[in-house]
Ligand code: 5AD
Ligand code: SF4
């Protein structure tokens, strides 16, 4: 009988993309996605450790999966992802019934590991760093089971060479390695041939894409090599692929953002008018403690430049409140920069210590949780206010949306996404297929979405219809 699998993803897009690869490898092996977890023979938990509660979530989930596992002789549990990488043996100690524990550099080994444990003995395999060989290195080079048919993530870089003091990513994802330029463009071309029209380029620090490739060429003796290829070149080349209509990317680092990238965004019509530009803090002192490599003023200057160069740019961000040692004055500086930046939307976090990071050592400066909570609420007021203002500016415009499906709350409405990455709920007399392009007149705006009605139907999707899967966490 065909074995069935289910994957639960916690965390970021990089993780969601790894999940697609694990699913792709399983399907390549003849397995099928289970309609419900209850019907699965294999459950994969793809974990995240970037913020608090990851451990609780994982061990909580494993707690209720234990009876599921014990109820069927062939049932297998795989724990993958960043938490597995970080905690290594600890996962197996706390949940000995787990069949496979595998790290972030072992995605390509998912099927082999599953087979190796078929006899019942658990296995843990955590490579400390990426394996430098063909398809093992970049998850995008493995078979894939994409969650959305019209949109695909494309890994352009793995790892991170920065040393942001709060961040666990460099220690679980390793050093920065850029994927060869030609491979990326070839993958995007292939995706376009399959009917994908929107791609999101993924990396922890996309602006430094290519740096390691040039250094390697120099090391091999080519001293004439300019620092090429760069991210701007990649945007232009991916934007030129026929069939691709929207190019997105995440995340750039403000310290490495170049004018060249901004021009490439402006000059490449397919690159969407959206920049995710993580601020983290507006206080120069805290930014220095965080090792971010810019000041609040510098961030705002670059942002102003981006808005000057790219017409109608939407800007989103990440902000952390309550970083160790953050004073009321530091926090006020963050509020001021956030207000001036006028973000379209923001992910707001309360600092949480990640074991093994530099900031986690600053225990004597930890901010009282009540104070951090209150700062979170105050920051949220500022972010909500500018988000609503930004969204209201869209009222009266006709926007291009890609249809994502029926509105979950109101079945008579459809939901889509604009080039600025805003969610739109809109009325339509006809049901449009997922992936269809449409023109929608925006008539209302709220904090997290726009509303409107269909004006014109554009191109229909070219891909096969597929069920979508939800990420959690
Ligand atoms: N505490 C709180 N937020 C964090 N982030 C990363 N590490 C931490 C941490 N230890 C946030 C940053 C980053 C986003 C992905 O998660 O804002 O940009
Ligand atoms: Fe973490 Fe900083 Fe690297 Fe982003 S740039 S992944 S925050 S270390």
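None of the figures in this text is laboratory data; all of them are computed from the coordinates on show. This one's a predicted model, so the numbers in the text were calculated from it and none came from an experiment. Virtual Cβ from ideal backbone geometry, glycine too; neighbours counted across all protein chains shown.
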For the stretch 398-457, how big is Rg over Rh, using alpha carbon atoms and the Kirkwood form of Rh?
-> 0.90
Looks like the stretch 1-50, by Cα gyration tensor root eigenvalues a ≥ b ≥ c and the a/c under 1.5 rounded cutoff (else prolate when a/b is bigger than b/c, oblate otherwise), is oblate
What is the distance, in nm, between label points placed 7 Å from the Cα along the Cα-to-Cβ direction at residue 38 and at residue 267?
-> 5.8
With -39,500 (n - 2.57) per DSSP H segment of 4 or more residues and division by the full residue count of the chain, the 222 nm estimate, nearest 500 deg cm²/dmol, is -10000 deg cm²/dmol
Stretchable slack from residue 392 to residue 312, in nm (0.36 nm times residue separation minus alpha-carbon distance) = 27.4 nm
Any chance you could get the radius of gyration and Dmax over the Cα atoms of the stretch 60-114, in Å?
-> 11.2, 31
Label-point gap, in nm, between residue 285 and residue 370 - each point 7 angstrom along Cα→Cβ | 2.3
Efficiency of FRET from Cβ geometry, residue 430 and residue 242, R₀ 30 Å, rounded to 0.05 | 0.60
Distance histogram in 20 Å bins (all Cα pairs of the chain, percent per bin) | 22, 56, 21, 0
Correct semi-axes for the stretch 292-332, from √(5λ) of the alpha-carbon gyration tensor and rounded to whole Å with the largest first, are 26, 11, 8
Rg from C-alpha atoms of the stretch 274-393, normalised by the globular rule of thumb 2.2 N^0.38 Å, equals 1.06
Simple spin-label model, 7 Å along Cα-to-Cβ: residue 222 to residue 29 in nm?
-> 3.8
Across 5 Å bins from the origin, how do the percents of Cα pairs in the stretch 333-447 run, short distances first?
-> 2, 10, 16, 15, 13, 11, 10, 9, 7, 5, 2, 0, 0
Full-extension gain in nm, residue 358 to residue 441, via 0.36 nm per residue minus C-alpha separation = 25.0 nm
Just need the Rg to Rh number for the stretch 4-125, please, alpha carbons only, Kirkwood Rh.
-> 0.92
Extension gain (nm, one decimal) between residue 298 and residue 51, 0.36 nm per residue minus Cα-Cα | 86.2 nm
Could you please tell me the mean projected area of the C-alpha convex hull for the stretch 148-272, averaged over all directions and given in square nanometres to one decimal?
-> 8.4
If you rank 115, 57 by fewest surrounding Cβ atoms within 10 Å, what's the result?
-> 115, 57
